[in-house]
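The numbers here are math on the coordinates, done by the rules we state, and not lab data. Given the structure is predicted, the values throughout are model-derived calculations rather than measurements. Reconstructed Cβ throughout: ideal geometry from the backbone, glycine too, with neighbour counts over all protein chains shown.
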Amino acid sequence: MGMHMENRLLKVTIPFCNIDGRVFVLLTMTAMCFMCQDRCGYAQAIDRRALVERHAIVATAHDAQSPMSLGNGEFAYSFDITGMQTFEDSESKGVPLSTMAQWNWHRFPGSEKYRYEDTLRDYDAYGHKVSYATEMRSDTAQAYRANPHRFNLARIGFRIRDEQGRDATVGDIESPRQRLSLWHGVATSTFRFAGQPVRVRTVVHPSLDAVAVEVESPLLSDGRLAVEIGFAYPAGVWGPVVESQENPSKHFTDVKSREGGYLLVRGIDATNYEVAVNTSGSLQASDGDHCFLLRAQASERLTATFVFQQESRSMEEVPGFELVRAAAARHWEQFWRSGGAVDLSESRDERWRELERRIVLSQFLTAIHCAGSMPPQETGLMCNSWYGKSHLEMHWWHAAHFVQWNRASLLERSMSWYERSSAAARKIAQRQGYDGVRWPKMTGPDGVSSPSEVGELLIWQQPHPIFFAEQLYRSCLLQQTQGTQQPVREMLERYRGIVFQTAAFMADYAQYDKAGDRYVLGPVLIPAQECYDGRTPPGVVNPTFELAYWRWGLDRANLWRERMGLERDKKWDDVARKISRLPTRGGVYTAIENTPFTNRRDHPSMLGALGVLPDVGLVDASVMAGTLDDVLSDWDWQQTWGWDYPMMAMTAARVGRRSQAVDMLLVDTAKNCYLANGHCYQAQRLPAYLPANGGLLYAVAMMAAGWDGAEGHAPGFPNDGTWNVKHEGLSRVP
């Protein structure tokens, strides 16, 4: 049939009386587009299993920089070529293999003695003093940055020894082959040691903090192969490392036998948790501190499920390997059969396979690492970055795509963090003399803003919760059954506090410039392009992206009030209408209004004003196109970051540069390198950078399904026949 979406007119009525006629028509048309997405340009459905399985991750050699991982958003287990955490120390530049959950946080004893007030420094903001935690030359600042921190719950690997009792090295592993089936959520690893075969299946439960393994090998029965469970003290350092082998006396492990398994009770200072083990083997102490061996009992097969928990559960609640495997298979098949899908296999451009691989693997990785109850750290649950804390300015890049891929529930998990942390965010705003709530940049589960000379002054994370709430509102409208309005009202009520309090801060933060009859952002601030001194006068004034985001966020917040039958907030309207014009110089948009205007490194953030965001009434598309050309002419690509490339792709798409949009997603630079495991490597300190994966998915959804006002099929891809874009289940972006 080959019928384009625009020719299928399905009308959906949204019975919500508080929407005025103009907005009502817009929402109806958006709903029409969404309902037709599954047949957008193609009558035949995508073979989703074939799409996913052709990008199963396969490894035939040990690669310490590209370990695989399994997880469920709340828990993740990373592993090497053996299917377990056997050789995590074999290469100093490798990714630390870890087992982590959203709840595993630790504090060093004594850190509670420090006073947060000692990190504060006052700055002048248009005549009134504003305090920021930027005083870094103190033990107090370091204590608040490092505490709390994530740590490794356990190392679960193999102990492999030859006939002389020598421990195997990675070089002793023969004929390794590992395949991670994305469709079933199971990794199968095979190798040989001393001529004997070993087969391992590894799987993570979809709703429990649990990893399960099945091991088959003749080496089990003669005692040369065993599963080793090791525990360590938290490292609590800046960077990927999550554990330390020092301080064995500062933590304890008690072992209790249970029918069908064992219970390992852990204590690390004030942090306590348990590991319940359902196994066919027997557990015994090993020859190392906090180290145990799980051995098969005169068998060539060993199974074990490890459930990590803060509270005890009965052994009957700890499933065996087959139950975990079956649950994971059901979960992942449902995950791939629902949500969005993009098939590029009939494209003539030879780059289609690599782009499709990145799309598929990014869906898998963000579901594992970015779909938890907290906004993730940049490395997710793979390893640590910045002590494992959330980076709120990156939350958009981690999670905004979920809604556009029809997986809004995965975003809603972390939206609950804003609800839980609103009291802490309100304290920040009150301390600084502002209305509403001010969201931190770097924080642990308590919402306390970690001291930093840079992060403390960022502001572009502030509108994110409004953007997310707006996404969820649109999704709720488009998915509700005709004649049912209660879910929409419930959603509006749930997030009204976050939206209104966020907008209250944004409006109060903007300073009125009477001479120019305009509102100004900064000083004191650092923009999304962080390579400016925001603390020393004259500081930074009016960063381009933030100006556009401020207008968009305040407009959306007032529209939210209208939807609830409330009057628009006059202050919000005044700030939005009078926000400063976007700064230009030489016919292009600059990053900031004042000198040095644009540093040509780090994020080219001004492009996000028409890329990440729709046209908010501030942007001239031709000037933005020229700005894109200016960036591409001589930017320092070694100093960029992984999300810069999808941002540039979105800008290119919105200004009609279709071919350039695809080129931006696939440009060959060190910071746009996607490893075999699907992660975007940035540097040794950031061996996985999930904002790149999430940004890629948002950009692809936009380029394939379009954006409000875009016309035609796949408006962000070339229409010259080189790209054949089939897609299902995607929704348009704003």
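A straight line joining the Cα centroids of segment 231-310 and segment 143-160 runs 12 Å.
Distance from the Cα centroid of segment 515-572 to that of segment 426-495 is 15 Å (rounded to whole angstrom). Close amide H partners of residue 123, meaning residues 5 or more places away or on another chain with modelled amide H under 5 Å apart, are 130, 131, 132. Centre-to-centre, using Cα atoms only, segment 350-412 and segment 606-674 are separated by 20 Å. For the residue pairs 93/441; 389/671; 93/256; 113/250; 93/389; 427/514, the alpha carbons lie more than 26 Å apart in 93/441; 93/256; 427/514. Protection proxy ranking for 344-356, 640-652, using the average of other Cβ atoms within 10 Å per residue and placing the highest first: 640-652, 344-356. In the chain, the longest principal axis of the Cα atoms and the axis of helix 690-705 are about 50 degrees apart.
Among 578-591, 680-693, the peptide with the highest mean count of other Cβ atoms within 10 Å heads the list, and the full ranking is 680-693, 578-591.
Cβ crowding within 10 Å, taken as a proxy for footprinting-reagent exposure, orders 500, 545, 108 from fewest neighbours to most as 108, 500, 545. For segment 676-688, 3J(HN,Hα) computed residue by residue from phi via the Karplus equation (6.51, -1.76, 1.60; θ = phi - 60°) reads 4, 7, x, 7, 9, 6, 10, 6, 4, 7, 10, x, 9 Hz, glycine and proline entered as x.
Quickly estimate the mean residue ellipticity at 222 nm for the chain, helices only: each DSSP H run with n ≥ 4 gives -39500 (n - 2.57), and the total goes over all residues, rounded to 500. Rounded to the nearest 500, the figure is -9500 deg cm²/dmol.
The phi torsions of segment 574-583, fed into the Karplus equation with coefficients 6.51, -1.76 and 1.60 and a -60° offset, translate into couplings of 5, 5, 5, 6, 10, 4, 4, 5, 5, x Hz, rounded to whole numbers, with Gly and Pro shown as x. The angle between the Cα long axis of helix 544-563 and the main principal axis of the chain comes to about 80°, on a 0 to 90 degree scale. When peptides 122-133, 202-213 are ranked by their average number of other Cβ atoms within 10 Å per residue, the highest-first order is 202-213, 122-133.
For the chain, the longest principal axis of the C-alpha atoms and the axis of helix 644-654 are separated by about 40°.
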